[in-house]
1. State which residue is modelled with the lowest pLDDT when the search covers only the range 292-328 and only residues that are closer than 29 Å to residue 229 by Cβ, in contact with a helix residue (DSSP H, G or I) (Cβ under 8 Å, 6 or more places away or on another chain) and surrounded by 13 or more Cβ atoms within 10 Å (Cβ to Cβ).
2. Among the strands (runs of 3 or more DSSP E) contained in the range 49-130, which hold 3 or more residues that are over 19 Å from residue 261 (Cα atoms)?
3. Would you mind finding the one in 181, 174, 197, 263 that is in contact with a strand residue (DSSP E or B) (Cβ under 8 Å, 6 or more places away or on another chain), assigned to a loop (DSSP other than H, G, I, E, B) and of a type in the set (A, V, I, L, M)?
4. Look at the range 133-149 and say how many of its residues are modelled with pLDDT of 90 or more and out of contact with any Pro (no Cβ under 9 Å at 6 or more places or on another chain).
5. I'm trying to understand the selection: among the residues of the range 209-221, which are more than 15 Å from residue 283 (Cα to Cα) and in contact (Cβ under 8 Å) with a residue 60 or more places away in the chain?
6. Taking the criterion of being in contact with a strand residue (DSSP E or B) (Cβ under 9 Å, 6 or more places away or on another chain), over 26 Å from residue 84 (Cβ atoms) and surrounded by fewer than 17 Cβ atoms within 10 Å (Cβ to Cβ), would at least one residue in the range 238-251 satisfy it?
7. In the range 255-289, what residues are hydrophobic (A, V, I, L, M, F, W, C), crowded, with 18+ Cβ neighbours inside 10 Å and over 15 Å from residue 189 (Cβ atoms)?
8. Quick check on my filter: what residues within the range 222-255 are more than 22 Å from residue 286 (Cβ to Cβ) and either in a helix (DSSP H, G or I) or among the β-branched types (Val, Ile, Thr) (or both)?
Amino acid sequence: MVRLGKNKLHNRNNLRSQGNEYFDYYYHTPGGLPGNFEVSASAVPSSIELIDYDKKHVIRRKNFSPEESIPYLEQKTVTWVDVQGLGTEEILNRVGRVFKLHRLLLEDVVNVPQRPKCQDYADQLLIIAQVVRLKTKGEGFDTEQVSFIIAENYLLTFQENTVFDPFELVKDQIRLSQGQIRELGIDYLTYRLIDGIIEGYFPILEHYEDRIATLEEKIIGNPTRSDLEQVYRIRRELLSLRRLIWPLRDVLSVLTRTGYNNINIEVQVYFRDCYDHVIQLLEIIESYRELASSLMEVYLSAISNRVNEVMKLLTIISTIFIPLTFIAGLYGMNFEFMPELKSKWGYYICLAVMALIAITLIYFFWRKGWFQRLY
């Protein structure tokens, strides 16, 4: 089996638990044997759900064993086997034997996270995608790898976690016979599942649009150091989103142009629609990254303006006191023959002159409008 070593495996799990700011793909230990997989100690225990349907009937069973799905594979129905959780090695090996999965295929499924990709294994087609959802606590988003194995008479899916089922809506539509999902085959079911994953990215981007708009108002009004940290964090998270979506674009491009035995030409049109959605997502991400970059410029400009206003205030205060300091310094010289030193009203006259100069300068600056632009 491929061993990352305790420290390396622990570090990889920490990266996943910290969110997509530090999202990274799985990598092999140098010299590791191909075709083997490593079940993480923190992985969710595996469970199997089976959905078998045609136009008239639908069967949905949970806590299913891999061997119990064999009779359904021999029928002329759409058989969907959903493996939830990647933490039970014994179940995963049984699934591999029942469905005759290539060891390299099973390795890509279990060793998460993998880069979104599409690989052809003769009579089986592997598609890997990443599901995203907002964190329940704090900012950012979490990811979950979902793998699709398309064969002639079944669809096999693997979900990394069981906290959130991204396929629940499609499962309900199958049960209620909504749309044409029960009238078409396995390839159309795959399209509906992938399309649901792609649509899940749009609420994430709406969340970032709100964060950027709120942060922009805050930076313009009263920029702080934490605002700059928020800008950098948003840029990193958007970059992580782009890393998830960009390879998915290549996957859909292949599905729309290459003729696979398990995907009909009629269904390729639907995958083109998914491809258009991915292009739209990439364009939105790029525009948001540009907005985040402009926020950094706004922040630096706001800080520069604040420094300029402070320097203006200090300059005004210094300008007011310069003539006062000159007068005080002049009369602070201890010359014997200074007429005003013997005058009864000399001290008060000096104070009055100093006050008059200060008031005149303040009035002059006020007429110029400099005080109004200080804050």
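The values are calculated or read from the model by the stated rules, or taken from the named source; none is laboratory data. This one's a predicted model, so the numbers in the text were calculated from it and none came from an experiment. Here Cβ is always computed from backbone atoms with ideal geometry, including for glycine, and neighbour counts include all displayed protein chains.
1. Restricting to residues being closer than 29 Å to residue 229 by Cβ, in contact with a helix residue (DSSP H, G or I) (Cβ under 8 Å, 6 or more places away or on another chain) and surrounded by 13 or more Cβ atoms within 10 Å (Cβ to Cβ), the top hit is 302.
2. On the way: elements: 58-61, 78-84, 117-121.
Per the criteria, 58-61, 78-84.
3. On the way: 181 fails: in contact with a strand residue (DSSP E or B) (Cβ under 8 Å, 6 or more places away or on another chain); 174 fails: assigned to a loop (DSSP other than H, G, I, E, B); 197 fails: assigned to a loop (DSSP other than H, G, I, E, B).
263 is the lone residue from the list that is in contact with a strand residue (DSSP E or B) (Cβ under 8 Å, 6 or more places away or on another chain), assigned to a loop (DSSP other than H, G, I, E, B) and of a type in the set (A, V, I, L, M).
4. Adding up the residues that qualify gives 3.
5. Quick first cut of the range 209-221, residues more than 15 Å from residue 283 (Cα to Cα) only: 210-221.
Those that are more than 15 Å from residue 283 (Cα to Cα) and in contact (Cβ under 8 Å) with a residue 60 or more places away in the chain: 211, 212, 215, 216, 219, 220.
6. Taking every residue of the range 238-251 in turn, at least one turns out to be in contact with a strand residue (DSSP E or B) (Cβ under 9 Å, 6 or more places away or on another chain), over 26 Å from residue 84 (Cβ atoms) and surrounded by fewer than 17 Cβ atoms within 10 Å (Cβ to Cβ).
7. Taking the range 255-289 as the starting set, the residues that turn out to be hydrophobic (A, V, I, L, M, F, W, C) are 255, 263, 265, 267, 269, 271, 274, 278-279, 281-282, 284-285.
Of the ones still in play, those that are also crowded, with 18+ Cβ neighbours inside 10 Å are 255, 263, 267, 271, 274, 278, 281, 284-285.
Across the range 255-289, the qualifying residues are 278, 281, 284, 285.
8. Initially, the range 222-255 is screened for residues more than 22 Å from residue 286 (Cβ to Cβ), giving 222-227, 229, 254-255.
224, 225, 226, 227, 229, 254, 255 - these are the residues of the range 222-255 that are more than 22 Å from residue 286 (Cβ to Cβ) and either in a helix (DSSP H, G or I) or among the β-branched types (Val, Ile, Thr) (or both).
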